Ligand SMILES: *Cc1c(COP(=O)(O)O)cnc(C)c1O
């Protein structure tokens, strides 16, 4: 068998360690996972109820058109139903975009470091990836514009950016959008949009009318607390969505995901209360960093990327022994950092006392 050249040596995705595995390995009773930016408050009760009600129809294929959730999301965003494409997580929509647009003759422009799935999927399609370094943790949109050439098919703006949590403001985004050639797709990945409170964060949905080369990605995995169900979507110009749809597998969402997402979107009170609690706990974490002289990137998300001035993997190992799973910055392009999800008040307390121990420990510090 001959595997495509670009797949040789590609690593598999390294997920955050599962809680049960860590408990067993280290003999810990309680383990907190602050590694994958999941919602620590879970999901809306309405979503759980909807799943219970759907349990009688497990034998039936889901609706391939996702009509019910499509209607809900269209109404919520004030777009036409035909402007939406649903994926098995927004990860899958990233895959659709790469599959539909990229070839070995083309390239794509991303920031670096940013969400890993853009590069991975583009690599699988054989495309060249032009990476433009962040400036102070923020997308260098001017640099990304200059990187666009006649072979560029798409540009990725992860806003807010994972792993830094920083965002691109409305003025800069609009300036950028105006200058990107009309035949180059701009992807605005807004996985954390529900947490954003910056007043100048771009409102991209109304821009879709004017910019047929814009696609917005959203997900039910983060603030909606439905990561296990795998549902996210893309919104764009109707014609573009129609041409993208053939790459989508016919039953790529489960019915449980459809009913849960439909119910969850109706419970905006839940989303707002989670965002509010997240802001409170984020403020506590930021204050902790300030008190302890730790630098971090200002975040509009539910995670904070913190510089511990020692190997990210050592921070990871130390906290793991304290029963806290975080994400080492070493695989994220920030070797002396760790990316930590904002947990509940109680999880935060636990985190702070573990971090105090870390800061007093003799783990070697770097630079
Ligand atoms: C988590 C995340 C996603 C993907 O989430 P899905 O679970 O696949 O919907 C996409 N983009 C960014 C930036 C993320 O952090």
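List of remarks:
- Test: residue 97 is within 22 Å of residue 305 (Cβ to Cβ) and outside any strand (DSSP E or B): no
- Residues that are in a helix (DSSP H, G or I) and within 13 Å of the ligand (Cβ to nearest atom) within the stretch 171-214 comprise 193, 194, 195, listed in sequence order.
- Flag for residue 236 being within 22 Å of residue 189 (Cβ to Cβ) and either touching a residue at least 12 places away in the same chain (Cβ under 8 Å) or over 20 Å from the mean Cα position of the chain (by Cα) (or both): yes
- Which numbered condition residue 134 fails, given (1) within 15 Å of the ligand (Cβ to nearest atom); (2) free of Cβ contacts under 8 Å to residues at least 12 places away in the same chain: (2)
- Out of 103, 108, 114, sole residue that is within 22 Å of residue 190 (Cα to Cα) and away from the ligand (no atom under 14 Å from the Cβ): 108
- Some residue of the stretch 54-71 being under 30 Å from residue 304 (Cβ atoms) and surrounded by fewer than 21 Cβ atoms within 10 Å (Cβ to Cβ): no
- Residue count for the stretch 178-195 under the criterion of being closer than 18 Å to residue 140 by Cβ and buried (at least 20 other Cβ atoms within 10 Å of the Cβ): the result is 5.
- You will find that of 226, 217, 244, the residue that is within 16 Å of the ligand (Cβ to nearest atom) and farther than 15 Å from residue 159 by Cβ is 226 and no other.
- Restricting 25, 82 to residues that are closer than 30 Å to residue 239 by Cβ, out of contact with any strand residue (DSSP E or B) (no Cβ under 6 Å at 6 or more places or on another chain) and either in a helix (DSSP H, G or I) or within 16 Å of the ligand (Cβ to nearest atom) (or both) narrows the list to 82.
- Residue within the stretch 205-223 that is out of contact with any strand residue (DSSP E or B) (no Cβ under 8 Å at 6 or more places or on another chain) and surrounded by 24 or more Cβ atoms within 10 Å (Cβ to Cβ) present: yes
Taken together, the values in this text are just the output of simple stated rules run on the coordinates, not laboratory data. Since the structure is predicted, the reported quantities are computational estimates derived from the model, not experimental observations. A quick note on method: Cβ atoms are made from the backbone with ideal geometry, for glycine too, and the neighbour counts reach across all protein chains shown.
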